[in-house]
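Everything below concerns the one structure shown next.
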Ligand SMILES: Cc1cc2nc3c(=O)[nH]c(=O)nc-3n(C[C@H](O)[C@H](O)[C@H](O)COP(=O)(O)OP(=O)(O)OC[C@H]3O[C@@H](n4cnc5c(N)ncnc54)[C@H](O)[C@@H]3O)c2cc1C
């Protein structure tokens, strides 16, 4: 379905995740974050960058990966994206949320 | 050194049996994928030009899907393990020894006791295994006492013994982190536990909770719609978005990074899954020791004469025996092409199909690939079945049990399973224009 965010129209799934990463830009990320009650800072963007890199390389995303990346420690990650950090960070990053095969 | 450096070459054509001319194809790992490759290739590579060698550390070949049934006394220990040598063709040299190192720059493999195996083509099929030591307190003093896994023979057996005498309490079924092999196995485990304790007449004494790092037990829209009721019907509680930090085995609880706690009497966890440490030692893996592999051709990204198959790869496909089976057909073709100097076939589409036990003698079947999520329909004959996709039935359950026979008698022997193709068919399935 289509969703208007700021000036742009993007397509998202039922839960609000972008279905086409090429539509993503920083403004869209900022708006989605606002809807989630998050005000983006440089530290937030650093994580979003890392997450998008993993996505482009088709590497699975996990808390471990984030811990190992050295970008941030996990407690801080939770503090920045309260209540389901991977879920929220992926939504802001414009990529699908981590899933299983069913 | 306990092995002859070379196998006596006695049979078949005599002319070319000159070791200097013979080329070597070496397969690392004699699990599902490696065994299949040995069986596929032995009939296809000319015996007077190619020598095939396969190496595994264990004598036993385990039927891992059976580990799901062992704790519930549905399968016996005998049904899930057999002597590996039975499945390796006689013209293949089978070495039982731990592999120490792969040295791609020198095209050779070192074994634990010192022997070196040179190769012209290498196939990495070393799989994935649990790494409970990754989480604090998991592999502590309570390991296989109140904290169990069922992804190993030892774990599944210890759990069986525990269940036989357990009087009830809190059973927590838990996934540490994704990706794991056979990603639905933990959910099946929870369903089977529900049946098992019902049959023992003690379901009211057992509280079952399913804990996952993902957003739900089901994560795809179609599957969630069709299947979420199973959890509620069976009275299985769900804790989602739980990223475990440690097992507090002294106080019987698991704790996540958000300080959420889930208490247990028995914890059945699927620990972090990782490729073998051999891959790390050889500098060939990613964070989780998986080998970066081209997802369509199965050639490794770093070395053109090294291929990888099954759970050992970093492919974004499910880590499952059925996937390895589909991959094996394509990899066989690609190895033959590689030998002839032809371009590789870019074909593997991530095809997977899995039976999912739902308990009470029923099961589901799902069929999907890199781009399509599991949908409803029939399999393998469009419109006819007899197996139903994404719907519970007894027929599917029979299919799952029959799979054990197919595994030992056809799958690992590389016999083509009729009507089931390596790439996925879209016929007979109820696809819609989906957004995701
Ligand atoms: C509980 C459970 C249920 C499952 N259910 C299903 C199911 O229903 N359907 C399905 O399709 N799949 C299922 N699977 C998954 C399936 O078993 C695996 O995906 C499949 O076995 C992968 O094959 P593989 O050859 O890649 O790895 P494996 O079969 O694990 O083989 C790897 C081999 O490499 C050897 N090895 C590794 N490192 C070394 C070393 N350094 N030296 C020597 N040898 C080494 C190991 O000993 C092993 O024999 C299940 C798995 C589990 C655990």
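Axis of helix B:153-165 versus longest Cα principal axis of chain B: the two differ by about 20°, to the nearest ten degrees. Extending 7 Å from Cα along the Cβ direction at residue B:395 and again at residue B:81 yields two label points whose distance is 3.7 nm.
With 0.36 nm allotted per residue and the present C-alpha distance subtracted, the residue A:25-residue A:79 stretch has 17.1 nm of extension available. Based on Cα contacts under 8 Å between residues 6+ apart, the range B:209-253 shows a relative contact order of 54 percent. The antiparallel fraction among DSSP beta bridges confined to the protein assembly as shown stands at about 50%. Beta-bridge orientation, chain B: approximately 50 percent antiparallel, per DSSP, counting only bridges with both partners inside. Note on B:290-298: average number of Cβ atoms from other chains within 10 Å of each residue's Cβ is 1.
What the Cβ-Cβ distance of residue B:345 and residue B:21 gives, at R0 = 22 Å and to the nearest 0.05, is a FRET efficiency of 0.20. Restricted to Cα atoms, chain B shows a radius of gyration and a Dmax of 22.4, 73 angstrom. The gain in end-to-end length when the residue A:42 to residue A:71 segment is fully stretched comes to 9.3 nm, 0.36 nm per residue minus the alpha carbon separation. Here the calculated FRET efficiency for residue B:402 and residue B:96, from their Cβ-Cβ distance with R0 = 35 Å, stands at 0.70, rounded to the nearest 0.05. Model label points for residue B:427 and residue B:44, set 7 angstrom from Cα along the Cα-to-Cβ axis, are 2.4 nm apart. The alpha carbons of the protein assembly as shown stretch over 76, 59, 51 Å along the principal axes, in descending order.
For chain B, find the longest principal axis of its Cα atoms and tell me its angle to the long axis of helix B:185-199, 0 to 90°, nearest 10. Helix B:185-199 sits roughly 50 degrees off the main axis of chain B.
Take the Cα of residue A:57, go 7 Å toward its beta carbon, and the backbone nitrogen atoms of the range B:290-314 under 16 Å from that spot belong to B:290-295, B:301-302, B:314. From helices alone, chain B scores -6500 deg cm²/dmol at 222 nm; the rule is -39500 (n - 2.57) for each run of n ≥ 4 DSSP H residues, then divide by the residue total. Given R0 = 25 Å, the distance between the Cβ atoms of residue B:60 and residue B:164 translates into a calculated FRET efficiency of 0.60. Between helix B:394-406 and chain B, what is the angle of the helix's C-alpha long axis to the longest principal axis, kept within 0 to 90° and rounded to the nearest 10? Taking the Cα atoms of chain B, the angle to B:394-406 is about 30 degrees. Note on B:331, B:101: ascending count of other Cβ atoms within 10 Å places them as B:101, B:331, the fewest first. Restricting the calculation to alpha carbons of the range B:91-182 gives Rg and Dmax of 19.1, 58 angstrom. Going 7 Å from the Cα of residue B:233 in the Cα-to-Cβ direction, what parts of the range B:341-370 have a backbone nitrogen less than 15 Å from that spot? Those under the cut-off are B:356-365.
The label-point distance for residue B:145 and residue B:205, in a model that sets each label 7 Å from Cα toward Cβ, rounds to 2.2 nm.
Every number here is computed from the coordinates shown, using simple stated rules; none is lab data. Worth saying up front: this structure is predicted, and the values here are computed from it rather than measured. All Cβ positions, glycine included, derive from the backbone under ideal geometry; neighbour counts span all protein chains shown.
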